[in-house]
Amino acid sequence: METTKNTTVLDGNITTAQLQTWKSKYGKLIKVSVDNDESEKCYAYFRKPTMATRAAVLQTSKADEFKALEVLFKNCFLGGDQEIEMDDDLKLSVITAFADVTQPKEATAKKI
């Protein structure tokens, strides 16, 4: 984290102001990190998927699971290190970790 002229730059080269804007707009965020080929940490920030996004991912996954991950990435990715967007391996690693975290919680039901 570095500070320059009233702006703090956080992991993923985003500012504190940008992070606060996202939090205000989307609520809870998810930060994912991955090591690049030089063993440097890269960061990506995501919002939780909406029901519409989940529906699009589910529909797309019936034909192409990788395309479904791309739909999830495009709809939920907010920002972070540009390297993640440009490197398919990093993108796949990040979106897979994100998808794992955003799985619906297990629920139980019983007749009463």
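The values are calculated or read from the model by the stated rules, or taken from the named source; none is laboratory data. Everything numeric here is computed off the predicted structure, so don't read it as measured data. In this analysis, Cβ positions are derived from the backbone assuming ideal geometry, glycine residues included, and neighbour counts consider all displayed protein chains.
Would you confirm whether any residue within the range 1-13 is loosely packed, with under 11 Cβ neighbours inside 10 Å, part of a strand (DSSP E or B), at pLDDT below 95 and in contact with a strand residue (DSSP E or B) (Cβ under 9 Å, 6 or more places away or on another chain)?
yes
Starting from the range 19-30, take each residue that is closer than 13 Å to Ala44 by Cβ and list its partners that are exposed (fewer than 15 other Cβ atoms within 10 Å of the Cβ), counting only C-beta distances under 6 angstrom and pairs at least six apart or across chains.
Ile30/Val101
When residues of the range 14-53 are filtered for being part of a loop (DSSP other than H, G, I, E, B), among the charged types (D, E, K, R) and surrounded by 15 or more Cβ atoms within 10 Å (Cβ to Cβ), how many remain?
Number satisfying all stated conditions: 1.
Considering only the range 80-97, how many residues are of a type outside the set (Ser, Thr, Tyr) and in contact with a Leu (Cβ under 9 Å, 6 or more places away or on another chain)?
6
Go over the candidates Phe66, Phe98, Phe77, Phe46 one by one and state the one that is without any contact (Cβ under 8 Å) to a residue 60 or more places away in the chain, more than 21 Å from Thr16 (Cβ to Cβ) and of a type in the set (Phe, Trp, Tyr).
Phe66
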